[in-house]
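Working notes, structure below.
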């Protein structure tokens, strides 16, 4: 209601402007996926879904650098911040180049594992990986300094360029190759770099940080990296495993189901972007932080309930509008998948909250249940319905354990 009131009065705070921007970006990314699904059909869309999933995996890996940059951009100032940001950029470039080379070298093996039509798409994608890491550090600095206008521009530029370039190539030249989608993704990383502060990048050896700061950064980086790994497993392992175990047609159907059901998670991500700097700043000032958690859990809970009920009442209408009749077989599973992603989204808010407070137990809990979800799908995949049921079981257990930890932690305080 506050956001709607602000929009009507045309007086948006930077945080509200960012929320509107994120909704627009998520809407644009959804449109991108929906149009690809309609243009390509289930079989060809299965290849596109692999690339999109790789993009999500990359975003989670790079998110480690973004969150570390965001947190310490709040805590560090002046020369300390300059030395810190220069060092993070250097490390991001090294990791990005290394990961990109690995993807390019093993492109043929990736084609075999995921049953794709070509390995070229992985080679093109690998070339863009270093750019994505640079972009993530840049965004982390904007996020930590609460420069939400600049942060919004980087996300908008990435989304719009990918949408326009990819669909332009497909429609103008009638090329439906997965390599075209990879080119669109690569070029979107270039546009997503802007606005970019070149002066923050230095390839000279930065001044060494104090031992206490280095240890603090290292611990948070490792903790965040582990948690982002659990995010990759929970968020993407099902699509990749379905692509491995099922025929391309069924994998394409499942990709459409996952895309619709995950709308809860993408909305929750918007609140996570606001949660982390807010909690870190409150902790720095010695103030209580639980009220921020309750606010965002309430938002996600209400949105999740609305989406699940809508998917339960109108599954065929939703799928028909978004993807078309050729995907209608997934209608009975839509509300079930939405339940799984809703529980994951709420659990995620708790985990990021404790991550902001340097508490690692919820991160380990997420890791355990992320592995459990993957193991359950590996052993129980007789049908797409069974795959969804395994995810519901894993995410229900994850949410219950996260809530139990919060209650126990609150009692200790």
The listed residue being farther than 16 Å from residue 47 by Cβ and either modelled with pLDDT of 75 or more or not assigned by TED's automatic domain parsing to the domain that holds residue 157 (or both), out of 240, 253, 169, 223: 223
Only listed residue being at pLDDT 90 or above, within 18 Å of the chain's Cα centre (by Cα) and in the same structural domain as residue 195 (by TED's automatic domain parsing), chosen from 119, 136: 136
Selected residue (only one of 286, 301 is part of a loop (DSSP other than H, G, I, E, B) and either at pLDDT below 85 or within 22 Å of the chain's Cα centre (by Cα) (or both)): 286
Filtered residue count, region 309-331, keeping only those that are in a helix (DSSP H, G or I) and either surrounded by fewer than 13 Cβ atoms within 10 Å (Cβ to Cβ) or free of Cβ contacts under 8 Å to residues at least 40 places away in the same chain (or both): 12
Complete set of residues in region 360-390 that are without any contact (Cβ under 8 Å) to a residue 40 or more places away in the chain and part of a loop (DSSP other than H, G, I, E, B): 380, 382, 383
Qualifying residue in region 269-289 (condition: within 30 Å of residue 44 (Cα to Cα) and in contact with a helix residue (DSSP H, G or I) (Cβ under 8 Å, 6 or more places away or on another chain)): yes
Qualifying residue in region 43-55 (condition: surrounded by fewer than 17 Cβ atoms within 10 Å (Cβ to Cβ) and at pLDDT below 90): yes
Failed item in (1) farther than 17 Å from residue 210 by Cβ; (2) crowded, with 18+ Cβ neighbours inside 10 Å, with residue 76 passing the rest: (1)
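The values are calculated or read from the model by the stated rules, or taken from the named source; none is laboratory data. All values derive from a computational prediction rather than experimental measurement. Glycine also receives a Cβ, built like all others from the backbone with ideal geometry; neighbour counts cover every protein chain displayed.
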